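Student: Could you have a look at this structure, given as structure tokens, before my questions?
The values are calculated or read from the model by the stated rules, or taken from the named source; none is laboratory data. Just so it is clear, the model here is predicted, and its values are computed rather than measured. Every residue, glycine among them, receives a Cβ derived from its backbone with ideal geometry; neighbour counts consider all protein chains shown. With ligands, DNA and RNA removed, areas are computed over all heavy atoms of the protein, side chains included. Shrake-Rupley method; radii C 1.70, N 1.55, O 1.52, S 1.80 Å.
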Amino acid sequence: MRFFNYYILAACLSLLSFKGFGQDPTTLAPTLSFEEYLGYVKKHHPLMKQAALTLSIGEANLLKARGGFDPKIEIDYDRKKFKDIEYYDQLNATFKIPTWYGIEFKVNFEENTGEFLNPNLDVPDGGLYNAGVSFSLAQGFLINERMAALKKARFFREQSKADRDLLINNLLFEASKAYFTWLEASNEQQIFEDFLSNATKRLAAVERSVALGDKAEIDITEARITKQNRLLNLEAANLKRRKSALKLSNYLWINDVPLEIQDNLQPERPDTSTLETLLVLDGITDTDALIQQHPKLLSLDAKISGITVDRALKRNKLLPKIDLEYNFLTPEYDQINTLSSADYKAFLNFSFPIFLRKESGDLRLTKLKLQDANFERNSVALNIQNKLTAVQAEIMSLGTQNNLVNDIVSDYKVLLKAEERKFFLGESSLFLINSREQKLIDAQLKENELQIKQLHAIVRLYNSLGLST
């Protein structure tokens, strides 16, 4: 599978622009830029597809809630016949149209016959038609279960959109961190490869000088120890790079097939302006407006709105239940003038709990849930604002630190070159050269660390703003 994955990745990367680290064609190595890498994540990672499913769930819930207002056809047929006696033959067909404010229109046809039919079911020959309306006067008029379900489904759809954006934002944030960790490890590996090359050349030069009698033989031992230390550092850097590459591979997929980063593939460090463009951070001035559109806050707003609907429904439950129904009756469905207020069927139902303990408890629980959601939103909003402020300050500070460490590295390079010239002129020692070189190594590692920290800070800004582009 590993070789199979490698060939898939190699085939895909062949369509991209391969860049080398030098002018010699023999030194060319395939590279994976951050832009290309992020494109793969956006297009192929399973979590991106899962994010689309989150929105589909919201749409499905909304469709389900709208079904509460679908017109219905109901047909009841009941017949009993025993020993050639027809006890009853009852047919009741109804067409109902639910509306928003707890009002339901319906048209009904009933035809009942039989020797043992209940007298109140007697209808004219050919059946009886009725058209009427049913509604609730108190509980269920301004809001009812159907209305609440539809309203909450709409808010849930908005919450699903926000959750999808939040999922995408977190995925791209974690994927970016993995890339920059791989980049840091690759740079560190390159640093130790360069200094191992220097140590190897220096050992060979010292051995020639000793053979000519210009240097003491003990210098060979010291040069060899330095080379071994560089080998040890390089081996640790190789392990770190391999582990970071495996972590990065978690985010690389093509057509549901996971890929594995191979050792010869190299990252490219994006400059800050390119990174900001890729993450749609350039040109942002009004961060307060972006915070208000943060998907986490939008999700909480939708949640609060849904609980508010629940609170209104629970308050409505405190009212008495008064259901009314009125139907005009006629044996002639095709003659409207036969409808008369003298022929009707009416229904009234009234109920009201004496103590209202269940309803009052439900309302109190809903109010507490709403308070909890509001507290959470306030806390999250403050956390986002403080996190954003901290990240902006970090980006500015890291910009200054990078300028300083660049100067330090340049100065250490000058000192090391000067010390090497003095050594071969017999005016210095390997100890001083190794000391200078170690200072340079530390400075370059610090430079690499600060550069990667700055990239991490920029993607944390992207994460803090909750962008999903």
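Student: So, in the range 72-96, exactly how many residues are under 26 Å from Ala149 (Cα atoms) and either open to solvent by 80 Å² or more (accessible area, probe 1.4 Å) or without any contact (Cβ under 8 Å) to a residue 12 or more places away in the chain (or both)? Talk me through it step by step, then tell me what you get.
Tutor: We begin by selecting, within the range 72-96, every residue under 26 Å from Ala149 (Cα atoms); these are 72-74, 94-96.
Now narrow it down to the ones that are either open to solvent by 80 Å² or more (accessible area, probe 1.4 Å) or without any contact (Cβ under 8 Å) to a residue 12 or more places away in the chain (or both): 72-73, 95.
Matching residues across the range 72-96 total 3.
Student: For the range 73-94, indicate whether the set of residues that are under 49 Å from the mean Cα position of the chain (by Cα), at pLDDT below 90 and of a type outside the set (A, V, I, L, M, F, W, C) is non-empty.
Tutor: no
Student: Continuing with this model, one more query. Output yes when any residue across the range 131-139 is modelled with pLDDT of 85 or more, surrounded by 12 or more Cβ atoms within 10 Å (Cβ to Cβ), of a type outside the set (A, V, I, L, M) and in a loop (DSSP other than H, G, I, E, B), and no when none is.
Tutor: yes
Student: A further question on this structure: Scan the range 110-130 for residues that are open to solvent by 40 Å² or more (accessible area, probe 1.4 Å), within 21 Å of Asp343 (Cβ to Cβ) and not hydroxyl-bearing (Ser, Thr, Tyr) and jot them down. Outline the logic, then answer.
Tutor: Residues of the range 110-130 open to solvent by 40 Å² or more (accessible area, probe 1.4 Å): 111, 113, 115-116, 118-122, 124-126, 129.
Still in the list and also within 21 Å of Asp343 (Cβ to Cβ): 111, 113, 118-122, 124-126, 129.
Across the range 110-130, the qualifying residues are Glu111, Asn118, Pro119, Asn120, Leu121, Asp122, Pro124, Asp125, Gly126.
Student: Going by the structure shown, is Ser136 touching a residue at least 12 places away in the same chain (Cβ under 8 Å) and of a type in the set (Ser, Thr, Tyr)?
Tutor: Yes: the conditions hold for Ser136.
Student: While we're on this one: Any residue in the range 97-108 that is under 24 Å from Gly306 (Cβ atoms) and surrounded by 15 or more Cβ atoms within 10 Å (Cβ to Cβ)?
Tutor: Here is the first cut: in the range 97-108, the residues under 24 Å from Gly306 (Cβ atoms) are 98-102.
Among the residues that remain, those that are also surrounded by 15 or more Cβ atoms within 10 Å (Cβ to Cβ) are: 98, 102.
Checked against the condition, which is being under 24 Å from Gly306 (Cβ atoms) and surrounded by 15 or more Cβ atoms within 10 Å (Cβ to Cβ), the range 97-108 yields at least one hit.
Student: Residue check, Ala237 against (1) among the small types (Gly, Ala, Ser); (2) open to solvent by 50 Å² or more (accessible area, probe 1.4 Å); (3) modelled with pLDDT of 95 or more, all met but one. Which one?
Tutor: Here Ala237 clears every test but (2).
Student: Looking at Ile408, Ile384, Ile395, which is the one that is closer than 29 Å to His456 by Cβ, open to solvent by 40 Å² or more (accessible area, probe 1.4 Å) and not in a loop (DSSP other than H, G, I, E, B)?
Tutor: Answer to the check: Ile408.
Student: OK, next. Could you please let me know if Phe105 is assigned to a strand (DSSP E or B), closer than 22 Å to Leu348 by Cβ and within 50 Å of the chain's Cα centre (by Cα)?
Tutor: Against the criterion (assigned to a strand (DSSP E or B), closer than 22 Å to Leu348 by Cβ and within 50 Å of the chain's Cα centre (by Cα)), Phe105 qualifies.
Student: With the structure loaded, tell me whether Lys215 is in contact with a Ser or Thr (Cβ under 6 Å, 6 or more places away or on another chain) and either of a type in the set (Lys, Arg) or in a loop (DSSP other than H, G, I, E, B) (or both) or whether it fails that test.
Tutor: Answer is yes for this residue.
Student: Sort through Ile307, Ile220, Ile225, Ile261 and tell me the only one that's farther than 29 Å from Ile395 by Cβ, among the aliphatic types (A, V, I, L, M) and touching a Leu at 6+ places or on another chain (Cβ under 6 Å). Walk me through how you get there before you give the answer.
Tutor: Details: Ile220 fails: touching a Leu at 6+ places or on another chain (Cβ under 6 Å); Ile225 fails: touching a Leu at 6+ places or on another chain (Cβ under 6 Å); Ile261 fails: farther than 29 Å from Ile395 by Cβ.
From the options Ile307, Ile220, Ile225, Ile261, the qualifying one is Ile307.
Student: If we keep just the residues of the range 180-224 that are among the acidic types (Asp, Glu) and over 30 Å from Thr31 (Cβ atoms), which is modelled with the lowest pLDDT?
Tutor: Top of the filtered list is Asp214.
Student: Moving on. Checking the condition farther than 30 Å from Lys43 by Cα, part of a helix (DSSP H, G or I) and open to solvent by 40 Å² or more (accessible area, probe 1.4 Å), which residue from Lys177, Lys161, Lys152 passes?
Tutor: It is Lys152.
Student: Right, another one. Given the residues Asn198, Asn169, which is the only one that is open to solvent by 40 Å² or more (accessible area, probe 1.4 Å), assigned to a helix (DSSP H, G or I) and of a type outside the set (D, E, K, R)?
Tutor: Details: Asn169 fails: open to solvent by 40 Å² or more (accessible area, probe 1.4 Å).
Within the list Asn198, Asn169, the selection yields Asn198.
Student: Select from the range 73-129 the residues that are out of contact with any Ser or Thr (no Cβ under 7 Å at 6 or more places or on another chain) and of a type in the set (Gly, Ala, Ser) and write down the one among them that is nearest to Ile322 (Cα to Cα).
Tutor: Ala93
Student: Right, another one. Quick one: is Leu246 closer than 30 Å to Arg164 by Cα and open to solvent by less than 20 Å² (accessible area, probe 1.4 Å)? Can you show your working first?
Tutor: Values: closer than 30 Å to Arg164 by Cα: yes; open to solvent by less than 20 Å² (accessible area, probe 1.4 Å): no.
The answer is no for Leu246.
Student: Can you name every residue in the range 429-469 that is within 21 Å of Asn229 (Cα to Cα) and outside any helix (DSSP H, G or I)?
Tutor: Ser429
Student: Condition check: open to solvent by 70 Å² or more (accessible area, probe 1.4 Å) and touching a residue at least 40 places away in the same chain (Cβ under 8 Å). Does Glu188 satisfy that?
Tutor: Answer is no for this residue.
Student: Given the residues Thr400, Thr389, which is the only one that is out of contact with any strand residue (DSSP E or B) (no Cβ under 7 Å at 6 or more places or on another chain), part of a helix (DSSP H, G or I) and loosely packed, with under 11 Cβ neighbours inside 10 Å?
Tutor: Result: Thr400 is the single residue among Thr400, Thr389 that is out of contact with any strand residue (DSSP E or B) (no Cβ under 7 Å at 6 or more places or on another chain), part of a helix (DSSP H, G or I) and loosely packed, with under 11 Cβ neighbours inside 10 Å.
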